[in-house]
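Undergrad: A single structure is presented below for examination.
The values are calculated or read from the model by the stated rules, or taken from the named source; none is laboratory data. On a predicted model such as this, the values are computed, not experimentally measured, just so you know. Please note: Cβ atoms are built from the backbone with ideal geometry, for glycine as well, and neighbour counts cover all protein chains shown.
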């Protein structure tokens, strides 16, 4: 009797890569559907030339276009390098669909369709395929596409009156009024992108993805915590100088729950391929992203710096991966102390500069 | 699933490998046509430092020498002995526990008591003479060697093979006293009082109770673990004792680490003068018609056992795996002899594993008990970066296989880390 010795019957645990991508896929589709439904509920200004239904159709069209363009590019690429058979099962479609959906969700409702198509082409082709496809890229392809159109077509993507913009204006002019909190949580406000609105849904998705281990709590949790501490610190210093402490909480809340903060924590920052690999490096990465984001938000021209912040984090990922050689208690304690110090210094500097 | 206990103690012929993967030089003591008895030395094997006897496990005639695949998948020379079924054995020395001491439960600390009856040198000599040096070989288990300084003796009462193949608890229930005696003897031989037994929280209460009763006055520490999570418990327990990163060979850290089956063998060797003529082997897998725990004579061919188990199912492609599922060895034929180092054999249908790309999730980095970064090492190995492999402390890998276990992309991470280790050796 002869036996095969090719691969051993190694017992593996129940975690699987495809299960994780499927879970993410499932959650993304729910978020996309919710984004469409939210557009129906949005109150349209009286003088507007469009109706709520027009907006809903636009959002639907954007999501579908994003998915199709992404799929077509991946399919053409698979024809060119002979990996066409991966499209035989639905498994092969999941990752392209996820990328397309995410790019569409990160753009505002007013985006012209050709801009969206360009965003997907740049994201999938330049961001993903040029590096060798899924698992090989160093920058998050979604953000590459979004950054590209944000830089090149910035005049077509102007959104006004998002809570963060109001906040920035208020900090400069000294008056600031917090919006209706319930409206903020449901997601009924002008936002920078179609997918970033409903806080309740995103938090639910966050919890679910954390339980299923798709999202690494050490990245997303550290990120959210850092943003919380930093925005509170910056708010505290500024309102302390101004003498009116009542709006610190409002400042922190707006920073936390609007904009891309939660959306990034759920879908972007803990994207495994472009983020670091060990416990300590993941925490450093999260803090670096949070600190860059807060710097851009408080000092930069952009209202929401998350895209550039995460791409910056991706950029330094190989470096932090190289610095760390071990992952044990000693390095963990050292890293944590270092990070607490960094957060404190950045918060105070930003607070005083502002 | 294991459904029954079986014995197979009278094979027609036995095959004993003359060398193994450490000791490569053999020196024969018998020739073809000689009659040998149970426990008689037929050959010595050398590894450069020590010589270990190869003992006959049956009485009968040496009928020749044959080249065969051994349990490490290497082709080595085997001595073939025809069994005359008389089971005559040579006279052996034994060191019985004095009756009075055995009855008196509340004697003082273990080591002094044993020293009154037998010395460390006697235990070491007896173990060396009876060839008890290698019993458990998978994972972190060490040889039974006392050439260096021994500070701790650790025994695993949970797994035959860490993880997944658990100990036969009937063995503990029926032999708890003897097992604990074996542990104390190991402590005496190593001149140490730090004796630790790893037990499972979810062990049958009876087994735990028997072990507790036997260890009560003897300064043996029982460490409870929770086996529901595979996280290299043995590594963590030993690391706590040693208080530094472990070597792949624990003997260098002054630790003898073995399973309780070994303790029972040590007891039998010292108190009864018995060499390892038979051993318990768990034979499992969906490829076999019957799964069983066997009491089998060392030297029996595995194919004989398969015949006794009514053969294989009619499956086209099968795997034959010896030892732990994470670190064991694959063989391409069932024509090999059972040795004292085999504790479990699995024959199952071949399942093709399609590896996905590495998504750099870092699950392997999190689970690694040695605190090194398998993903980064694999990356460096794939890019042939020697200096990076050294920088990442690859030599600390103990080859437990948990990185492969944790990988969601089903990549055999350990294979790459092993290759990296070999590269910088």
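Undergrad: Could you tell me which residue of segment A:309-324 is modelled with the lowest pLDDT, considering only residues that are touching a helix residue (DSSP H, G or I) at 6+ places or on another chain (Cβ under 6 Å) and either more than 13 Å from chain B (Cβ to nearest Cβ) or not in a helix (DSSP H, G or I) (or both)?
TA: A:324
Undergrad: Can I ask one more? Filter segment B:383-414 down to residues that are under 23 Å from residue A:272 (Cβ atoms), free of Cβ contacts under 8 Å to residues at least 24 places away in the same chain, facing chain A (nearest Cβ under 9 Å) and surrounded by fewer than 19 Cβ atoms within 10 Å (Cβ to Cβ), then give me how many there are.
TA: Result for segment B:383-414: 1.
Undergrad: Suppose the filter is out of contact with any strand residue (DSSP E or B) (no Cβ under 8 Å at 6 or more places or on another chain), part of a helix (DSSP H, G or I) and either more than 14 Å from chain B (Cβ to nearest Cβ) or buried (at least 16 other Cβ atoms within 10 Å of the Cβ) (or both); does residue A:99 pass it?
TA: When the stated conditions are applied, residue A:99 passes them.
Undergrad: Taking the condition in contact with a strand residue (DSSP E or B) (Cβ under 6 Å, 6 or more places away or on another chain) and farther than 25 Å from residue B:67 by Cα, does residue B:291 pass? Talk me through it step by step, then tell me what you get.
TA: On the way: in contact with a strand residue (DSSP E or B) (Cβ under 6 Å, 6 or more places away or on another chain): yes; farther than 25 Å from residue B:67 by Cα: yes.
Answer is yes for this residue.
Undergrad: Just the residues that are part of a loop (DSSP other than H, G, I, E, B), touching a helix residue (DSSP H, G or I) at 6+ places or on another chain (Cβ under 6 Å) and within 7 Å of chain A (Cβ to nearest Cβ), please, taken from segment B:363-382.
TA: B:372, B:373
Undergrad: Just name the residue that is surrounded by the fewest Cβ atoms within 10 Å (Cβ to Cβ) out of those in segment B:247-266 that are more than 16 Å from the chain's Cα centre (by Cα) and modelled with pLDDT of 85 or more.
TA: B:252
Undergrad: Turning to a different aspect of this structure: Confirm whether residue B:326 is within 21 Å of the chain's Cα centre (by Cα), modelled with pLDDT under 85 and outside any strand (DSSP E or B).
TA: So residue B:326 fits the description; yes.
Undergrad: Can you tell which of B:42, B:54, B:62, B:58 is in a loop (DSSP other than H, G, I, E, B) and either modelled with pLDDT of 90 or more or crowded, with 17+ Cβ neighbours inside 10 Å (or both)? Even if it seems obvious, please write down each step before you answer.
TA: Details: B:42 fails: in a loop (DSSP other than H, G, I, E, B); B:54 fails: in a loop (DSSP other than H, G, I, E, B); B:62 fails: in a loop (DSSP other than H, G, I, E, B).
From the options B:42, B:54, B:62, B:58, the qualifying one is B:58.
Okay, residues lined up against (1) touching a residue at least 12 places away in the same chain (Cβ under 8 Å); (2) surrounded by 23 or more Cβ atoms within 10 Å (Cβ to Cβ); (3) within 14 Å of chain A (Cβ to nearest Cβ):
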{"position": "B:269", "(1), (2), (3)": "yes, yes, no"}
{"position": "B:275", "(1), (2), (3)": "yes, yes, no"}
{"position": "B:291", "(1), (2), (3)": "yes, no, no"}
{"position": "B:294", "(1), (2), (3)": "yes, yes, no"}
{"position": "B:305", "(1), (2), (3)": "yes, no, yes"}
{"position": "B:314", "(1), (2), (3)": "no, no, yes"}
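Undergrad: Mind checking which residues of segment B:347-362 are surrounded by fewer than 24 Cβ atoms within 10 Å (Cβ to Cβ), more than 7 Å from chain A (Cβ to nearest Cβ) and part of a strand (DSSP E or B)?
TA: B:349
Undergrad: Step by step: first the residues of segment B:167-179, then only those that are in a helix (DSSP H, G or I) and within 18 Å of the chain's Cα centre (by Cα), then the one that is nearest to residue B:218 (Cα to Cα). Which residue is that?
TA: B:179
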